[in-house]
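Scroll down for the structure; my scribbles are underneath it.
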Amino acid sequence: MQNINNNLSLLEASKRIFSLALPMSGSQLINVASGFLCMAMLAVLGHEVLAASALIFSTQLSIMVSGMSILFSLSVLVGHAYGAKDYATVGNYVQQGWTLAILISIPVMLLFWNIDAVLLFFGQSKEIAAIVHAYFHAFVWAVIPGFLSTCNMQFGYGIHKKMLIVSTSLMSVIVLLITAYTLIFGKFGFPKLGVAGLGYATTAQYSFFFLFTTVFFFYEKSFARFELFHYRVHQHLDHFAKMFKIGWPISVQMGGEMLSFFVGGIMIGWIGTVALAAFQIVNQYYFLIVIPIFSLSQASGILVGQACGAKQFHEVKKLSYASIAMVLIASSLVAIIFLLSPKNLASFYINIQDPANLATVHLTVLIFMIIAFSQIFDAIRNVLIGILRGLFDTRFPMYMSLFTIWVIGMPLSYFLAFPMRFGAIGFVIGGMLGMLAGVIIMLYRWHQLSKQYPDRV
């Protein structure tokens, strides 16, 4: 851990956050960019596959994040123990994380295996459901290695082994892209599997990441102090309980948020394939920028947690102020890009000069203009939630996130989209208003909690 100055300046706090958030963002952006390219490969298979990919993306994200987000508590707990130089406890948490990852994989795999029945129940067409079904019957084998990889990633972030995570992510993406290209299009003598090929390629990616990092942990001498491979899971069930206690509100909160994307995809599907295609194009860019914002949120939580673990409570405010300022600047720059270049962004996925795509392009441009503002609200809200997690305050963000999404945002989206007949535009506006309510509530919560932390030693 870095040496701690008695009085941390905002500049130094920003540097500390940036030094952790940058490689975290790099690692996640590598993965998202690879998914970006894989979706472009699927788009070559036809407009119907592109429309189905919106459901594939929203469904996979909703369910996987709901499951793995309980493991996000690992980086905070590891950060606390690492800040206190309690290395054996760090190892205890990692082992409990591996155990929890395997346990939560089972229901997730069952859900993916039967996802076509869920989609048909919600009124999706048989043709779209069949494409999604083919993908998830291949992707189901990626769940266990995916959750185990999340544990290794959270552990690496918690002890500042950032470059290991980034370099392994880069190698695993190379595995993904080569395998996806080979299996989607049937290259190098392999069968042409279409959307299923991407599911098998993702399995290969996650498996490589987990095996490579685990082998590195085993052979690298600096990891011996954590005793990762000295089995003692049954001796420290209190650590399992603590991880679950902190993690389940994170899981419920993020699960509720991701479920809103799934339900949103279902509702957009009711409007039609043009709306679904436009929604998918914007979502690809939206999640491309959400990833670095989420990394900044995680970095803030880890560093706040380490400051608390090291009993440097005067750093909490400075780290928080720096995080909020950084995310405000970053999201404002993104908003400018969305407002000034929506057609250029859409052109990566569809031919904007083709008259057949005119309706999709027009709707995509309008959605980009609304998302430009809602992503600012969402970015600030996410960073505030990360800071609160570093203080082990996970239940309030859970309750308020569920409230602002499901009591404010989603009903407004439905009301504006269908009874008011504003369609996809009304749906996105409703979501923006929910985000605005969320950031106001989280700012108030942080203002109240920050009063107990001093500005200086």
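List the aspartates and glutamates whose Cα sits under 18 Å from the Cα of residue 161, skipping any in the same chain fewer than 8 residues away.
Once the sequence-local aspartates and glutamates are set aside, what remains near residue 161 is 86, 220, 227.
Which net charge results when you count Lys and Arg as +1 and Asp and Glu as -1 among the other residues whose beta-carbon is under 14 Å from that of residue 303? Please report the intermediate quantities before stating the final value.
Numbers: positive: 15, 16, 162, 317, 318, 389; negative: 12, 315.
Here the count lands on +4.
In nm², what is the average projected area of the convex hull enclosing the Cα atoms of the range 355-419? Please list the in-between numbers first.
Values: hull surface 23.3 nm².
Projected area, direction-averaged: 5.8 nm².
Roughly how tilted is helix 73-83, in degrees to the nearest 10 and between 0 and 90, from the longest Cα axis of the chain?
So the helix axis and the longest Cα principal axis differ by about 30 degrees.
Treating the angle as unsigned and between 0 and 90°, give the value, to the nearest 10°, between the Cα long axis of helix 143-158 and the longest Cα principal axis of the chain.
40 degrees
Dipole of the chain, Cα-centred, from +1 at each Lys and Arg C-beta and -1 at each Asp and Glu C-beta, to the nearest 20 debye?
Once rounded to the nearest 20, the dipole reads 880 debye.
Mind scanning 15/343; 15/242; 15/311; 245/311; 221/318 and naming the pairs with a C-alpha gap bigger than 28 Å?
Values: 15/343 35 Å; 15/242 31 Å; 15/311 20 Å; 245/311 22 Å; 221/318 35 Å.
Going by Cα-Cα distance, 15/343; 15/242; 221/318 fall outside the 28 Å limit.
Hey, got the Cα dimensions of the range 191-241 along the principal axes, in Å, largest first?
Sorted from largest, the Cα extents of the range 191-241 read 48, 29, 12 Å.
Would you work out which of 441, 418, 380 lies farthest towards the positive end of the dipole of the range 315-452, given +1 charges on the beta-carbon of Lys and Arg and -1 on that of Asp and Glu, about the Cα centre?
Ranked along the dipole, the leading option is 441.
Using only the alpha carbons of the chain, what is the convex hull's orientation-averaged projected area in square nanometres?
Working: hull surface 84.7 nm².
Result: a mean projected hull area of 21.2 nm².
Out of 110, 84, 74, whose Cα points farthest toward the positive end of the dipole of the chain (charges: +1 Lys, Arg; -1 Asp, Glu; placed on Cβ)?
84
Against the longest principal axis of the chain, how steep is helix 273-309, in degrees 0 to 90 to the nearest 10, with axes from Cα atoms?
On a 0 to 90 degree scale, this one is about 0.
For the residue pair residue 270 and residue 418, what label-to-label distance in nm results when each label sits 7 Å from Cα along the Cα-to-beta-carbon direction?
0.2 nm
Out of 358, 128, 302, whose Cα points farthest toward the positive end of the dipole of the range 10-450 (charges: +1 Lys, Arg; -1 Asp, Glu; placed on Cβ)?
Final value for the positive-end residue is 302.
Order the peptides 437-444, 249-256, 48-55 from the highest to the lowest mean number of other Cβ atoms within 10 Å of their residues. Walk me through the numbers before you get to the answer.
Working: 437-444: 18.2, 249-256: 21.4, 48-55: 23.8.
The densest-packed peptide leads the list: 48-55, 249-256, 437-444.
When the helices in the chain are scored as -39500 (n - 2.57) per DSSP H run of 4 or longer and the sum is shared across all residues, what 222 nm value do you end up with, to the nearest 500 deg cm²/dmol?
Details: 17 runs with 361 residues, N = 457.
Theoretical 222 nm ellipticity from helices: -27500 deg cm²/dmol.
Based on the Cβ-Cβ distance from residue 110 to residue 425, what FRET efficiency comes out when R0 is 35 Å, to the nearest 0.05?
Numbers: r = 37 Å, r/R0 = 1.05.
Plugging the Cβ-Cβ distance into 1/(1 + (r/R0)^6) gives 0.45.
Throughout, read-outs are computed from the coordinates displayed, never taken from laboratory work. From a predicted model like this one, the values you see are computed outputs, not experimental measurements. When we count neighbours, we look across all protein chains shown, and the Cβ atoms used for this are built from the backbone with ideal geometry, even at glycine.
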